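The values are calculated or read from the model by the stated rules, or taken from the named source; none is laboratory data. If you're wondering where the values come from, they're calculated on a predicted model, not measured in any experiment. For neighbour counting, all protein chains shown are included, and Cβ atoms are generated from backbone atoms with ideal geometry for every residue, glycine included.
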Amino acid sequence: MDLLSDAAVSAEGLATQTPRLVVMPDSDEDFAAEAINHLDSLYRGALRLTRDPEQAQDLVQDTYVRALRYQHSFHTGTNMRAWLFSIMRNRFWDRLKTQHPGDVSLDDSRDDFPLYERVKDEADGPETLALNRIAATEVVAAVEKLPALHREIVQLVDVEGFSYKDTAEVLDIPIGTVMSRLHRARQQLQKELYQYARESGILAGKGTE
Amino acid sequence: MNCKDCVERLETFLDRELSDAEVVEVKRHMDECGGCVQRFEFYAELKRLIFHSCGQERAPLELRDKVGKLLA
C-alpha cells in the first residue's frame, strides 16, 4: 500500500479542484513576503529529495514558479509551508517517475530494528553518549541512503517539525499511513546509523554478525 | 499501563501526537519505570540528533536572489 499512488494528485490538480470563490491573499506583497520565509526549509527538503545541491536549487526555483502560478489556489490563513512542500514534492515525484521509474517503491520489511538494545549492549558508557559521538554529516549521509519516500517523511516530521496531519496533507496519504511509513523510515535510518557506529568504532560490536 | 503499552506509544509521544489523556498515562508509568525513562531519553536524543544534523543547511545566496526576483 505504501507505493506512490499519492503522487498522482499534482499541484495542477489541486489548483483546478479549488472552488472559484477562494479568498484572494490580502495582496501579492503579503504572499511574497510569507513565501520567501520558507526558502531555507524548502531548500533543505529539496536537498534531502534530490541529494544534490544543484538539483535542489532547480527544484526550489521551480516550486516558487509554480506557487506563483497557482497563487489563487492558496487559502490565506492556511499553512503556506505545507502548501509549498506539496507543490515541491509533487514536482519532484513527477520528474522522478519519468527518469527512474524503479526508484519509487519501498523495501517494506516488517522486522523492527532494536537499536536501543544494541547500543545498550555494545556502547562503552551511557547510550545517549554513543549517539552524541555521531557527527552531523554522518547523520545526513545515513538519511541519504534511505529511499526518497523515507527521506522525505523523516525530513518533514523530525527536522521541519510537521504534525502528522500536515504531513498527511503534504503527502496526500491518510494519517495512519504517515505513522506506518514514518515508523519504517526510522527503523531503516536506525539500521544505517548502527552500521556506521559499528564501522567507525563508536560501538564495539559484541552482538552477532 | 505496562512497559509494552508504553513503548508502543514512544514515537507518538516524542512526536507530541499523543492525546493529553495518554500522555498522562505514559508519564504515570514512567514515574515508576526507570527502564522506560532511559529508553525514551535515548530516542528523544536520537530525534534531536536528526533535527540538528539535517536542519542546518541554508539556501545559497544565489538561490535567495533568484527567488526574490521571482516574487518581486
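Quick notes on this structure:
- Residue check for B:ALA72: surrounded by fewer than 18 Cβ atoms within 10 Å (Cβ to Cβ) and either of a type in the set (Gly, Ala, Ser) or under 22 Å from A:VAL140 (Cα atoms) (or both): yes
- Unmet requirement for B:LEU71, which otherwise passes all of (1) modelled with pLDDT of 95 or more; (2) at the interface with chain A (Cβ under 9 Å from one of its Cβ atoms): (1)
- Some residue of region B:35-46 being part of a loop (DSSP other than H, G, I, E, B) and more than 13 Å from the chain's Cα centre (by Cα): no
- Considering only residues in region B:47-61 that are surrounded by 15 or more Cβ atoms within 10 Å (Cβ to Cβ), free of Cβ contacts under 8 Å to residues at least 24 places away in the same chain and in a helix (DSSP H, G or I), the one that is farthest from the other protein chains (Cβ to nearest Cβ) turns out to be B:ARG48.
- The number of residues in region A:20-78 being under 19 Å from B:LEU71 (Cα atoms), at pLDDT 90 or above and either touching a Cys at 6+ places or on another chain (Cβ under 7 Å) or acidic (Asp, Glu) (or both) comes to 4.
- Residues within region A:102-126 that are part of a helix (DSSP H, G or I) and either at pLDDT 90 or above or at the interface with chain B (Cβ under 8 Å from one of its Cβ atoms) (or both), tallied: 8
- Hey, B:ARG64 at the interface with chain A (Cβ under 7 Å from one of its Cβ atoms) and part of a helix (DSSP H, G or I) or not: yes
- Residue pairs meeting the criteria (Cβ under 6 Å; at least 6 apart or on separate chains; first on the phi < 0 side of the Ramachandran plot, in region B:21-32; second not in a helix (DSSP H, G or I)): B:GLU25/B:MET1; B:VAL26/B:ARG9; B:HIS29/B:MET1
- Of the residues A:GLN61, A:GLN57, the single one that is within 14 Å of chain B (Cβ to nearest Cβ) and surrounded by fewer than 18 Cβ atoms within 10 Å (Cβ to Cβ) is A:GLN61.
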